[in-house]
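Participant: The structure follows.
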Amino acid sequence: MSLIFGKYEKIRRIAQGGMGEVFLARQVGVMDRLAILKSLRPDLAQEREFVEQFLDEARVAATLNHPNIVSIFDVGEWKNTFYIAMEYVPGEDLSKLWYAAAKAGVGLPFQVSVRICYEAALALDHAHRAKDVRGNPLNIVHRAVSPQNIMVRGDGVLKLVDFGIAKA
């Protein structure tokens, strides 16, 4: 078993970007569950502004507790690598669903489209109205709402992800 970040077994890399990598992993130990791990590239961990930007994402996302927003499990540093562990959403992002529907020559049903818009609006409203532990408004604006950042679970529930460039 190849553990990363102390208590996660890496299953596969999902994405790689300018600031880091995203993995599907399994949390091992007392909790045994799938998780998504987002890590900051080690070379960027030496740059204070990148570390603060990454940790700001974690702080913003961790304040949000809503059924349509992906949950944050853990934030930390392990062997000089910063990471965020979050809820695994079994499903597809909205862009893949749209592409599959278009390829099949059909659109998403009207009721499905309305439900997606409704649940995304609920998530965004919750984020915008969120308050810190002292009751002060956080005034979070997501700023990256896109089909790739809207996950749809197999049971149809929508989860908004990636508050990486949110403004609070």
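Participant: Any residue at all in region 41-48 that is closer than 19 Å to Ser71 by Cα and open to solvent by 80 Å² or more (accessible area, probe 1.4 Å)?
Facilitator: Of all residues in region 41-48, those closer than 19 Å to Ser71 by Cα come to none.
Checked against the condition, which is being closer than 19 Å to Ser71 by Cα and open to solvent by 80 Å² or more (accessible area, probe 1.4 Å), region 41-48 yields no hits at all.
Participant: Next question, about the same structure. Conditions: (1) under 30 Å from Glu119 (Cβ atoms); (2) over 18 Å from the mean Cα position of the chain (by Cα). Val60 meets all but one. Number of the miss?
Facilitator: Going through the list (1) under 30 Å from Glu119 (Cβ atoms); (2) over 18 Å from the mean Cα position of the chain (by Cα), Val60 breaks only (2).
Participant: Identify, from the list Val22, Val60, the residue that is at pLDDT 90 or above and of a type in the set (Val, Ile, Thr). So that I can check it myself, show each step before the final result.
Facilitator: On the way: Val60 fails: at pLDDT 90 or above.
One residue alone meets the criteria, Val22.
Participant: Taking the stated definitions as given, is Thr63 surrounded by 16 or more Cβ atoms within 10 Å (Cβ to Cβ), touching a helix residue (DSSP H, G or I) at 6+ places or on another chain (Cβ under 7 Å) and not charged (D, E, K, R)?
Facilitator: Numbers: surrounded by 16 or more Cβ atoms within 10 Å (Cβ to Cβ): yes; touching a helix residue (DSSP H, G or I) at 6+ places or on another chain (Cβ under 7 Å): no; not charged (D, E, K, R): yes.
For Thr63, the condition - surrounded by 16 or more Cβ atoms within 10 Å (Cβ to Cβ), touching a helix residue (DSSP H, G or I) at 6+ places or on another chain (Cβ under 7 Å) and not charged (D, E, K, R) - is not met.
Participant: Could you say which residue among Ala58, Ala100, Ala85, Ala121 is part of a helix (DSSP H, G or I), open to solvent by less than 20 Å² (accessible area, probe 1.4 Å) and hydrophobic (A, V, I, L, M, F, W, C)?
Facilitator: Numbers: Ala100 fails: open to solvent by less than 20 Å² (accessible area, probe 1.4 Å); Ala85 fails: part of a helix (DSSP H, G or I); Ala121 fails: open to solvent by less than 20 Å² (accessible area, probe 1.4 Å).
Of the residues listed, the single one that is part of a helix (DSSP H, G or I), open to solvent by less than 20 Å² (accessible area, probe 1.4 Å) and hydrophobic (A, V, I, L, M, F, W, C) is Ala58.
Participant: Working only within region 151-168, note down all residues that are within 13 Å of Ala61 (Cα to Cα) and either assigned to a loop (DSSP other than H, G, I, E, B) or open to solvent by 80 Å² or more (accessible area, probe 1.4 Å) (or both).
Facilitator: Within region 151-168, Val161, Asp162, Phe163, Gly164, Ile165, Ala166, Lys167, Ala168 qualify.
Participant: Still on this structure, please answer the following. Quick check on region 139-156. Is at least one of its residues under 19 Å from the mean Cα position of the chain (by Cα) and of a type in the set (Lys, Arg)?
Facilitator: Yes, that holds for at least one residue.
Participant: Then there is this: For residues that are surrounded by 12 or more Cβ atoms within 10 Å (Cβ to Cβ) and free of Cβ contacts under 8 Å to residues at least 24 places away in the same chain, tally how many sit in region 132-150. Step through it out loud before you land on a result.
Facilitator: Going residue by residue through region 132-150, those that are surrounded by 12 or more Cβ atoms within 10 Å (Cβ to Cβ) are 138-142, 144-145, 147-150.
Subsequent filtering for residues that are free of Cβ contacts under 8 Å to residues at least 24 places away in the same chain retains 144.
Of the residues in region 132-150, 1 are surrounded by 12 or more Cβ atoms within 10 Å (Cβ to Cβ) and free of Cβ contacts under 8 Å to residues at least 24 places away in the same chain.
The values are calculated or read from the model by the stated rules, or taken from the named source; none is laboratory data. Worth saying up front: this structure is predicted, and the values here are computed from it rather than measured. Glycine gets a Cβ as well: all are built from the backbone with ideal geometry, and neighbour counts include every protein chain shown. Heavy atoms of the whole protein, side chains included, go into the accessibility calculation; ligands, DNA and RNA do not. Shrake-Rupley method; radii C 1.70, N 1.55, O 1.52, S 1.80 Å.
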